[in-house]
């Protein structure tokens, strides 16, 4: 394990992005934020929006750096366990659909429409749960079809109000809790690595990309930024990638700012954003 590991094993579990601490990120079944959730160049006339669930929020440090570098105003709109897709979000631990998620998503989409942003960055976890028209928890292909219809509705709304919409692929996962695992295996980070086939869900990645292409939005494959080797590591250089099995540390996400900025810039060069109101 790197001697200068960042963040430290003790700090990693709470190495959250700023919106967790300042009341901007909405917890499961929580209330809307009480402030505007505006970051970076707050007085700029050019706005970028980060929208999605906690996997989207994991990208906040990189998106904030991108916005600062470009002199853009950043609006962060995220909620835990609430897919950006227009679906009924099933919360297994409560055996019920989250009404708060649907309310928050509708409000957030309305906020984005009012902002008329230059760019919207969207991300969400593959680990969503939803129900069918009869209220039964959906599985397999039925679950995927519900997501397809829901993400199409969401992306259609975003495309109609934003200059450009860019979808980020979901991040590879770890089958262990990396900070806890490294605490037990300080002499071998490889002991905590995850086989690529378990870290990266190939069919889901293909599904995300297919829907992005279908909806004519940008798609950024982030997989190799996080899993550049086989098996997928828990550290890259001196950085600890994960604070738990599914979320990047804010420190590591910050280190990816240059990659994200380059990917966004390349997409905007290929697909110049529409003028506001066009």
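Only the coordinates and a few stated rules stand behind these numbers; no lab work does. What you are looking at is a predicted structure, and each value in this text was computed from that prediction instead of being measured. Quick reminder, even Gly has a Cβ in these numbers, built from the backbone with ideal geometry, and neighbours come from all protein chains shown.
Can you classify the stretch 151-278 as rounded, prolate or oblate using the Cα gyration tensor, where a ≥ b ≥ c are the square roots of its eigenvalues, rounded means a/c under 1.5, and otherwise it's prolate if a/b beats b/c and oblate if not? It is prolate, given that a/c is not under 1.5 and a/b is the larger ratio.
From most to least packed by mean Cβ count within 10 Å, the peptides 149-157, 43-51 give 43-51, 149-157. Estimated from helical segments only, the mean residue ellipticity of the chain at 222 nm is -11000 deg cm²/dmol, where each DSSP H run of four or more residues counts as -39500 (n - 2.57).
Annotation: the antiparallel percentage among DSSP beta bridges lying fully within the stretch 88-169 is about 50. Values (1) 1.08; (2) 1.11; (3) 0.95 are given for comparison; Rg/Rh (Cα atoms, Kirkwood Rh), derived from the coordinates here, is the one labelled (3). The label point for residue 262 and the one for residue 14, both projected 7 Å from the Cα toward the Cβ, are 3.5 nm apart.
Packing around the peptides 170-179, 256-265, 205-214, 70-79, taken as the average count of other Cβ atoms within 10 Å per residue, puts them in this order, highest first: 70-79, 170-179, 256-265, 205-214.
The slack in the chain from residue 107 to residue 141, taken as 0.36 nm per residue of separation less the alpha-carbon distance, amounts to 9.3 nm.
Distance from the C-alpha centroid of the stretch 72-121 to that of the stretch 137-166: 12 Å, rounded to the whole angstrom.
Taking other C-beta atoms within 10 Å as the exposure proxy, 82, 24 rank 24, 82 from fewest upward. The distance linking the stretch 12-71 with the stretch 187-260 is 20 Å (Cα centroid to Cα centroid, whole angstrom).
Normalised by the number of residues in the stretch 1-89, the average gap of Cα pairs under 8 Å and 6 or more apart makes the relative contact order 33 percent.
Can you work out the FRET efficiency for the pair residue 269 and residue 183, with r the C-beta to C-beta distance and R0 = 41 Å, to the nearest 0.05? My answer for the efficiency is 0.40.
Please compute the contact order of the stretch 162-278 in relative form: average sequence separation of alpha-carbon pairs under 8 Å and at least six residues apart, divided by the residue count, as a percent. Could you put the intermediate results ahead of the total?
Working: 141 pairs, mean separation 44.6, N = 117.
Relative CO of the stretch 162-278 lands at 38 percent.
Beta bridges assigned by DSSP with both partners in the chain are antiparallel in approximately 35 percent of cases.
Pairs of Cα atoms nearer than 8 Å and 6+ residues apart set the relative contact order; for the chain it is 24 percent.
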